[in-house]
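To start, the structure under review is shown below, and the notes come after it.
Laboratory data are not the source of any read-out in this text; all were calculated from the coordinates shown. Given the structure is predicted, the values throughout are model-derived calculations rather than measurements. Cβ placement follows ideal geometry from the backbone for every residue including glycine, while neighbour counts extend to all protein chains displayed.
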Amino acid sequence: MVLATAKEPLGEELVPLSAGFGRTLTRDVLARRTQPPFDVSAMDGFAVRAADTTDPGAQLALIGQSAAGARFSGDLKSGQAVRIFTGAPVPAGADAILIQENARFDAASVTVLEPTIAGRHVRRAGLDFAEGEVGLTAGTRLNPTELALAAAMNHPELPVARKPIVAILATGDELVAPGRDPGPDQIVASNSFAVAALVKAAGGTPLDLGIVADDLGLLVAAIQSARAAGADVLVTLGGASVGDHDLVQKALVTAGLQLAFWKIAMRPGKPMMHGMLGDMRVLGLPGNPVSSIVGGILFLRPLVRALCGDPHPDFDPTEPAELADDLSANDAREDYLRGTLRFPADGGLPLATANRAQDSSMLRVLAGAGCLIVRRPLAAAAKAGDLCRIVRLDRFPF
Ligand SMILES: Nc1nc2c(c(=O)[nH]1)N[C@H]1C(S)=C(S)[C@@H](COP(=O)(O)OP(=O)(O)OC[C@H]3O[C@@H](n4cnc5c(N)ncnc54)[C@H](O)[C@@H]3O)O[C@H]1N2
Ligand code: MOO
């Protein structure tokens, strides 16, 4: 349902290559030229006709030089050689390179020490790609190698999806920003920093709306400020449950939210909500730090990827592992247990151990976790050695 709100990328912009890393292409990118554009030497040595080198000791007349960026413009004939360097155009009439280690030479002549064969050390024109070929496809999230390829294809800038703006609103009378002096009943707000980093990692632009107290009027004003700022997505943190001070849903509805769902069969993250407020997507994450971060990984990241035009935003973030310990049967909520990983020396599947403490307030446990162990709703008890699925936290993607 969340991804259904992001069927199309948000729009296109051209960015210079230097700003392309991590951006998602909106179109196929075709080669604007052929690479290499001409036959090129792959080695330092001599351009020759291979047939002239079959007899060790054969002597060839040295008639000129071809360097990278400055070709030899004449024709090479039988019995002749041209001094050549890596990256230089192979002269017309030559069909092979004799590397200099296999020759003796002076200013006028070359003596063959080892024969070469036709085509040896010659990179043919178009070896890498030809003009008009598709080098990169729409939906690609640009990595370093792809940026280099785009440059080689002679593109100074690339068409990419506009970055989604994700407004992040922390709620709660008890919250103060890090580094302040919390009052006697207050705690330090932490969730926004994780959610903002997840947004960035997924390719969006986080917009921190700060902390708003549990006050209907203030909440409605903050929600409206997200719309005014042009947010594509609003993430609220906290106030999602059923308590008297959980006003976020009421404020969202007052501001015009069309609620799509509230509460899911998941632990952590049960009181999650989602809907549309005009054309702004809203994800209401629970306030417990672990709940908001796990919800961010499983729901917000795919949404941001979809808005960037990723053709597979719903890819499965889980991978196989082996349970290191027994696990008891699960209840009706899909569970994401914080766990540690060990990697067997034989290169087999990682071994996952569920942490004893699983309270959704415990950030130190989450930060020390290598994975989330996924337990399906109503999963039967499991034994050490059983296969399981994990979401790795020690590396992307998440
Ligand atoms: N009677 C019921 N009570 C609760 C239920 C329920 O089903 N029935 N669900 C529980 C579950 S599960 C969760 S999760 C929490 C989530 O509730 P809220 O989204 O309303 O979250 P808050 O009450 O605002 O906060 C929960 C907890 O997290 C702290 N918090 C909030 N925001 C932040 C932040 N930005 N940074 C750090 N910590 C934050 C807050 O102080 C609370 O301790 O509801 C259960 N209750
Ligand atoms: O399901 Mo709530 O998110 O754990 O504590």
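What does the C-alpha gyration tensor say about the overall shape of region 219-277? Classify as rounded when a/c is under 1.5, otherwise prolate if a/b is larger than b/c, or oblate. Since a/c reaches 1.5 and a/b is larger than b/c, the shape of region 219-277 is classed as prolate. An oblate overall shape is assigned to region 319-392, the ratio a/c of its alpha-carbon gyration tensor axes (a ≥ b ≥ c) being 1.5 or greater and a/b not exceeding b/c. Need one word for region 165-307: rounded, prolate or oblate. Basis is the Cα gyration tensor (sqrt eigenvalues a ≥ b ≥ c); a/c below 1.5 gives rounded, then a/b vs b/c decides. Rounded is the answer for region 165-307, as its axis ratio a/c remains below 1.5. Over every Cα atom in region 230-355, the radius of gyration and the widest Cα-Cα span, Dmax, amount to 17.5, 58 Å. Considering the chain at the alpha-carbon level, its Rg and Dmax are found to be 30.8, 97 Å.
For the pair region 264-300 and region 21-36, the centres of their Cα atoms are 36 angstrom apart.
Which whole-percent values make up P(r) of region 40-123 when all C-alpha to C-alpha distances are grouped in 5 Å steps starting at zero? Taking every Cα pair in region 40-123, the percentages come to 3, 19, 33, 29, 14, 2, 0. Panel values: region 271-332, Kirkwood radius from alpha carbon pairs, Stokes-Einstein at 37 °C and 0.692 mPa s, translational diffusion coefficient 231 µm²/s. When each of the peptides 224-232, 202-210, 75-83 is scored by the mean number of other C-beta atoms lying within 10 Å of its residues, the order from highest to lowest reads 202-210, 75-83, 224-232. Label-to-label distance, ALA70 versus ASP28, with points set 7 angstrom from Cα along the beta-carbon direction: 4.1 nm. Using a 10 angstrom cutoff on alpha carbons, build the Gaussian network for the chain and name the most mobile of ARG162, ARG23, ARG124. Of the options given, ARG124 has the highest mean-square fluctuation.
Adding -39500 (n - 2.57) for every DSSP H run of four residues or longer, then dividing by how many residues the chain holds, sets the calculated 222 nm ellipticity at -4500 deg cm²/dmol.
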